[in-house]
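**Q** Encoded as structure tokens, here's the structure I'll be asking about.
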Amino acid sequence: MPAAYEHYLVPVVFQPFAKDLTGRAAALHPGRVLELAAGTGVLTSELLAAAPSAEVTATDLNEAMVAFGSARAPGAVWRQADAQRLPFSDGGFDLVVCQFGVMFFPDRIEAFTEVRRVLAPGGRFLFNTWGPLGTHAFEAALQAGLERAFPADPPRFFPTVPHGYADPAVVAADLAAAGFAVEDEQELTLQGRAASTADLATGYLTGTPVRVAVEERGDVPAIRATVIEEMTARLGPGPVTAPMTAYVFRAAA
């Protein structure tokens with residue numbers, strides 16, 4: 001799964017936002033950076049290049065992602081870690097960053113409270129989260145394909161998890177409950193560019209948790225063909241460019 005995610009999805013979906021978040025992080029001139037939900041290291045690599053004097057510690061709950069990311073971005077210290085129980089001392093970092101990971105935290109207020117604990121006074125928490133599913137053309141098309149392939153009970157991972165934390169007011173309230181002051185909140189729409197719709201479908205169907213749901217439900221080649229057909233009807237065969245919307249938050253401890 002990490003290899004498919006890295007090959008098909010990272011350049012198209014995650015790299016554009018990693019460059020944006022890195023620019024925001026570098027402008028804070030951090031010395032000690034903790035990254036949560038680092039995945040395969042797309043943001044980690046950008047951070048190491050943009051802030052070479054910073055000490056970067058990258059973490060992920062998934063050990064396979066940690067193994068992959070540590071090979072991709074060896075300049076960081078990599079650790080397996082649960083964002084709700086961070087294995088770091090109080091006040092050890094001046095910046096915590098997280099790209100599209102907060103949606104996966106089971107208890108976000110608890111995780112945000114942990115982030116605040118490991119930040120030094122005045123430290124910053126910088127992260128992004130996806131907007132509603134309809135504002136992400138690639139994933140809206142994917143979900144339509146899944147609903148066509150499984151009309152009775154389609155997988156609901158994308159509407160409920162990646163796009164399930166898409167109300168900025170709720171995010172801001174959770175940050176306040178954890179003791180943060182929100183300094184900046186922006187809606188950001190960037191363009192994703194994919195070589196083909198078939199590649200996109202392959203990435204989503206093999207490089208995300210949807211893979212398990214698809215494999216459990218039956219004829220994988222037929223499902224893939226249906227999803228590609230629906231995505232192509234909506235996006236074209238490719239090369240394809242489409243908008244993706246996220247919210248970016250900066251909060252102070």
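**Q** Restricting attention to the stretch 1-60, which residues are of a type in the set (Phe, Trp, Tyr) and either touching a Lys or Arg at 6+ places or on another chain (Cβ under 8 Å) or open to solvent by less than 10 Å² (accessible area, probe 1.4 Å) (or both)?
**A** Taking the stretch 1-60 as the starting set, the residues that turn out to be of a type in the set (Phe, Trp, Tyr) are 5, 8, 14, 17.
Phe17 - this is the single residue of the stretch 1-60 that is of a type in the set (Phe, Trp, Tyr) and either touching a Lys or Arg at 6+ places or on another chain (Cβ under 8 Å) or open to solvent by less than 10 Å² (accessible area, probe 1.4 Å) (or both).
**Q** How do the pairs read when you match residues in the stretch 87-114 that are closer than 19 Å to Phe14 by Cα with residues anywhere that are among the charged types (D, E, K, R) and assigned to a helix (DSSP H, G or I), using Cβ under 9 Å and keeping only pairs 6 or more apart or on different chains?
**A** Pairs found: Val96/Arg116; Val97/Arg24; Val102/Arg108; Val102/Asp174.
**Q** Would you please list the contacts, defined by Cβ atoms under 8 Å and residues six or more apart or on different chains, that run from a residue in the stretch 156-183 that is under 21 Å from Pro121 (Cβ atoms) to a residue that is part of a loop (DSSP other than H, G, I, E, B) and not basic (Lys, Arg)?
**A** Hits for this filter: Gly179/Ala253; Phe180/Ala253.
**Q** Could you pull out the residue among Thr232, Thr135, Thr226 that is at pLDDT 95 or above, within 22 Å of the chain's Cα centre (by Cα) and of a type in the set (Ser, Thr, Tyr)?
**A** Thr135
**Q** Tell me, yes or no, whether the stretch 228-240 has at least one residue that is open to solvent by less than 70 Å² (accessible area, probe 1.4 Å), of a type in the set (S, T, N, Q) and under 30 Å from Arg116 (Cα atoms).
**A** No, because not a single residue in the stretch 228-240 is open to solvent by less than 70 Å² (accessible area, probe 1.4 Å), of a type in the set (S, T, N, Q) and under 30 Å from Arg116 (Cα atoms).
To keep it simple, each residue is scored yes or no on (1) surrounded by 21 or more Cβ atoms within 10 Å (Cβ to Cβ); (2) touching a strand residue (DSSP E or B) at 6+ places or on another chain (Cβ under 6 Å); (3) hydrophobic (A, V, I, L, M, F, W, C); (4) modelled with pLDDT of 95 or more.
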{"residue": "Cys98", "(1), (2), (3), (4)": "yes, yes, yes, yes"}
{"residue": "Asp107", "(1), (2), (3), (4)": "no, no, no, yes"}
{"residue": "Gln143", "(1), (2), (3), (4)": "yes, no, no, yes"}
{"residue": "Ala169", "(1), (2), (3), (4)": "no, no, yes, yes"}
{"residue": "Ala181", "(1), (2), (3), (4)": "no, yes, yes, yes"}
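**Q** Of the residues Glu185, Glu147, which is surrounded by fewer than 20 Cβ atoms within 10 Å (Cβ to Cβ), closer than 27 Å to Ala225 by Cβ and of a type in the set (D, E, K, R)?
**A** Answer to the check: Glu147.
**Q** Same structure, new question: Got a sec? Which of Val248, Val210 is closer than 27 Å to Asn62 by Cα, modelled with pLDDT under 95 and surrounded by 14 or more Cβ atoms within 10 Å (Cβ to Cβ)?
**A** On the way: Val248 fails: modelled with pLDDT under 95.
From the options Val248, Val210, the qualifying one is Val210.
The values are calculated or read from the model by the stated rules, or taken from the named source; none is laboratory data. Bear in mind the structure is a predicted one, so any value in this text is a computation, not a measurement. Cβ sites come from the backbone with ideal geometry, for glycine too, and all protein chains shown count toward neighbours. Side chains are part of the model used for accessible areas, which takes the heavy atoms of the whole protein and leaves out ligands, DNA and RNA. Shrake-Rupley method; radii C 1.70, N 1.55, O 1.52, S 1.80 Å.
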